[in-house]
Amino acid sequence: MNRAPYMPIALVVLGLALLPLGLTSNTVLNFLSFAMIITLAAQGWNILGGYGGQFSFGHAVFFGTGAYAMALLQVRFGINPWLALPLAMALGAAVGFAIGHLSFRARLRGSYFALVTLAFAEVFRISANAWGFTGGAAGVLVPLRIGPEHMQFADKRLSYWMALSFVAATLVLTLAMSRSRFGAQLVAVRENEEAARALGVDALAVKLKAITLSGAITASAGCLYTQKFLYLDANLAYGPWISVEALLAPIIGGVGTVFGPLVGAVVLLGLGEVTKTAFANLTGGAIPGVDLVVFGVLLILCVAYAPRGVLGLAQGWLGRLKGARP
Amino acid sequence: MSALLSVQGVTKRFGGLTAVDNASLDVVKGSITGLIGPNGAGKTTLFTVIAGFEAASAGTVLFEGRDITGLPAHVRAVGGIARTFQIVQPFAGLSVRENIAVGAFLRHKARHAALEQADAVGHQVGLGPLLDQSAGQLTVAGRKRLELARALATAPRLLLLDEVLAGLNPSEIRDMMPVVQAIRSSGVTILIVEHVMQAVMSLCDTVHVLAQGRIIAAGPPGTVSRDPAVIEAYLGHGAAARMQAQDVRQAEDVRQAEDLRQSQARGQAPGAPHA
């Protein structure tokens with residue numbers, strides 16, 4: 001296997017892994033861990049939406065399924081989190097396959113597919129809020145049991161590194177996928193489904209594979225969320241906030257690129273934090289939801305001026321620099 | 001001579017409109033077979049039925065003797081049937097090489113093998129220097145070549161070409177014809193829908209003529225182009241008779257002119273009785 005294309009991933013991950021050695025404040029570590037969790041959720045969205053062109057507005061359905069499965073398997077069934085995690089991811093994949101089966105077989109595309117995913121997420125949210133098994137409106141509390149065997153770390157750096165290792169794995173997976181036959185067929189389906197079919201691409205099977213993989217990855221983000229906060233309710237797990245962040249991060253970072261979700265998540269959350277702090281200092285009190293205003297403005301700016309995201313902008317600038325220096 | 005593709009009594013209805021009406025044709029292995037007809041005759045519809053993009057309302061399609069009527073398009077592509085689109089459908093966001101590689105991935109699982117195959121096919125159709133360009137930036141002629149290259153990269157046994165010459169200028173057509181001939185020489189059977197008659201005449205071994213959904217004539221291009229039914233289909237009712245009458249008149253004019261020339265040569269006044 002040719003290793004050269006994977007070098008940038010190794011460098012970026014190494015750089016991120018070394019960050020906590022310099023930055024030791026709890027706020028920064030919490031921010032970094034959270035950014036990694038959002039990156040994971042966004043990376044899942046990116047495979048289906050970025051590479052496959054199937055825009056989902058309801059990735060909360062996978063995030064929430066992963067998060068609830070992780071919590072309930074521990075609380076209700078006493079399963080160790082290290083075993084619960086792959087089970088929760090498998091469940092996320094199964095939900096992905098089921099939703100894909102229902103919507104792609106019905107030939108839903110574009111905004112129709114987006115609306116259906118949004119509807120699924122809402123159905124799951126309302127059900128989780130109503131059902132006793134999931135803790136209803138009170139939510140689920142995972143008992144505090146610090147120790148690596150319970151996937152709860154006293155040292156915040158460890159939980160960051162764990163999230164980072166998941167991000168690293170999905171970066172490698174995404175790059176490997178984009179260079180494979182499956183990746184080429186997925187992009188072909190995004191660009192022109194008719195033409196792809198003419199070239200022997202089973203468009204339905206390709207989309208089903210993509211949404212299954214996407215579901216598993218985004219579910220893993222939910223698992224890490226559960227282990228980080230040890231508390232869940234329906235609005236946290238299945239709320240629209242995560243659907244929005246999972247799709248905003250890749251769009252802002254660079255849709256259909258390996259690093260897009262990572263760059264987007266860091267930019268998005270970073271700006272959100274900065275704004276929240278700035279407004280709190282300015283007005284003397286926190287204004288809830290002010291970061292969402294920033295997200296909205298960012299989205300508008302991206303759609304208008306950087307349709308290929310931050311990475312696309314950077315590439316454009318680099319290209320011009322190179323062009324200026326022959 | 002065996003038929004690679006055999007279309008038997010295919011009918012395609014869209015609601016009340018019968019686009020293809022009980023059409024039958026055979027494509028002989030190793031041939032370039034043409035499908036011509038006036039605009040709206042149903043050529044492209046018949047093509048989409050053969051390629052599996054539309055289900056036939058009636059009739060069967062046999063490929064290498066097997067009934068493929070019920071198979072979806074991508075399975076037919078795996079089986080060895082590739083098509084191009086009349087309205088070109090490039091993957092605009094990808095480079096030319098990546099476009100062709102999507103076709104090549106059908107037979108090659110490994111990336112390097114698919115890319116090598118894409119390069120080879122790209123050079124074969126004359127896209128060699130443009131492989132790294134974005135497909136969206138190609139000229140019309142370039143896009144037509146790309147359609148051809150992508151289909152060819154799937155290593156088909158039957159290639160369905162839907163007006164690959166339409167929209168090209170005469171010199172581009174001259175450049176493209178040897179490419180099509182070379183594909184046939186490499187062992188790929190071709191069924192071609194085409195309006196450019198000069199190309200049909202020189203490329204095709206056999207031509208089938210479709211008019212108002214029906215096959216009205218079939219045979220070598222030279223014969224078919226003189227068929228009165230074909231002339232009428234293109235130029236309207238009575239056209240064949242008018243053209244024949246015109247031919248007779250022209251022949252008469254020629255004869256009279258010849259007479260005149262001969263009588264002048266003998267030094268006689270025009271119109272004077274022959275000696």
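The values are calculated or read from the model by the stated rules, or taken from the named source; none is laboratory data. Since this is a predicted model, take the numbers as computed values, not measurements. Heads up, the Cβs are rebuilt from the backbone with ideal geometry, glycines too, and the neighbour counts pull from every protein chain shown. We work out accessible area using only protein heavy atoms, side chains counted, and drop any ligands, DNA or RNA first. Shrake-Rupley method; radii C 1.70, N 1.55, O 1.52, S 1.80 Å.
Of all lysines in the structure, the ones whose alpha carbon falls short of 28 Å from that of B:Lys109, not counting any fewer than 8 places away in one chain, are A:Lys207, A:Lys209, B:Lys144.
As a length-normalised measure over Cα pairs under 8 Å and 6 or more apart, the relative contact order of chain B settles at 22 percent. In the context of the full set of protein chains, the protein assembly as shown has a per residue accessible area of 45 Å² (1.4 Å probe). Taking Cα atoms, how many degrees apart are the long axis of helix B:111-124 and the longest axis of chain B, rounded to 10 and kept between 0 and 90? That helix lies at roughly 10 degrees to the long axis.
Computed extension length for B:Thr139-B:Ala120: 4.8 nm, one decimal, from 0.36 nm per residue of separation with the Cα-Cα distance subtracted. Which of rounded, prolate, oblate describes region A:4-247, given a ≥ b ≥ c as roots of the alpha-carbon gyration tensor eigenvalues and a/c under 1.5 marking rounded, otherwise prolate only if a/b is larger than b/c? In terms of gyration-tensor shape, oblate.
Region B:245-261 and region B:1-78 have their alpha-carbon centroids 46 Å apart. Go ahead and run the numbers for FRET between A:Val123 and A:Ala176, Cβ-Cβ distance against an R0 of 25 Å, rounding to 0.05. My answer for the efficiency is 0.15. Label-to-label distance for A:Ala106 and A:Asn281 is 5.0 nm, based on points extended 7 Å past Cα in the beta-carbon direction. In region B:59-85, burial by the other protein chains removes 30 Å² or more of 1.4 Å probe accessible surface, compared with the chain on its own, from B:His74, B:Phe85. Between B:Ala182 and B:Ala257, the contour length at 0.36 nm per residue exceeds the Cα-Cα span by 22.3 nm.
What percentage of the solvent-accessible surface of region B:92-145, computed with a 1.4 Å probe over protein heavy atoms, is contributed by carbon and sulfur atoms? Here carbon and sulfur together make up 53 percent of the probe-accessible area. Expressed as a whole percent, the accessible area of region B:162-213 that falls on carbon and sulfur atoms is 52 (1.4 Å probe).
The mean of 1/r over all distinct Cα pairs in region B:57-143, once inverted, gives the Kirkwood hydrodynamic radius of 14.6 Å. Each Lys and Arg adds +1 at its Cβ and each Asp and Glu adds -1 at its Cβ; summed about the Cα centre, chain B shows a dipole of about 420 debye. Buried accessible surface for the B/A chain pair comes to about 1800 Å², total over both chains, computed with a 1.4 Å probe. Here the gap between A:Tyr231 and A:Leu11, fully extended at 0.36 nm per residue and compared with their Cα-Cα distance, gives a gain of 75.8 nm.
The residue among A:Ala93, A:Gly222, A:Ala198 whose Cα reaches farthest toward the positive pole of the charge dipole of region A:4-247, with charges on the beta-carbon of Lys, Arg, Asp and Glu, is A:Ala198. Counting only residues at least eight positions apart within a chain, or on another chain, the lysines with an alpha carbon under 21 Å from that of B:Lys12 are B:Lys43. Spatial offset of region A:68-93 relative to region B:102-172 amounts to 49 Å, using the alpha carbon center of each.
Peptide B:100-111 is shielded by partner chain Cβ atoms: per residue, an average of 5 of them sit within 10 Å of its Cβ. Counting only Cβ charges, +1 for Lys and Arg and -1 for Asp and Glu, the dipole size of region A:4-247 around its Cα centre is about 240 debye. Of the options A:Val61, A:Val294, A:Ala71, report the single residue whose Cα projects farthest towards the positive end of the charge dipole of the protein assembly as shown (beta-carbon charges: Lys, Arg +1; Asp, Glu -1). The Cα lying farthest towards the positive end belongs to A:Ala71. Surface listing: A:Trp131, A:Trp45 arranged by accessible area from highest to lowest gives A:Trp131, A:Trp45, probe 1.4 Å. Simple point charges give the picture: +1 on the Cβ of Lys and Arg, -1 on the Cβ of Asp and Glu, and for the protein assembly as shown a dipole about the Cα centre of about 860 debye. To the nearest 10 degrees, how steeply does helix B:239-265 sit against the main Cα axis of chain B, on a 0 to 90 scale? That works out to roughly 50 degrees. Among B:Leu17, B:Leu130, B:Leu168, the largest mean-square fluctuation in a Gaussian network model of chain B, built with springs joining Cα atoms closer than 10 Å, belongs to B:Leu17.
Using a probe radius of 1.4 angstrom, the carbon and sulfur fraction of the accessible surface of chain A is 70%. Farthest toward the positive end of the dipole of region A:105-162, out of A:Phe120, A:Thr134, A:Met162, is the Cα of A:Phe120, where the dipole comes from beta carbon charges about the Cα centre. For region B:92-145, the Kirkwood hydrodynamic radius comes to 10.9 Å, computed from all pairs of different C-alpha atoms. Take the alpha carbon gyration tensor of region A:31-170, find the square roots of its eigenvalues, order them as a ≥ b ≥ c, and report rounded if a/c is under 1.5; if not, report prolate when a/b exceeds b/c, else oblate. In terms of gyration-tensor shape, oblate.
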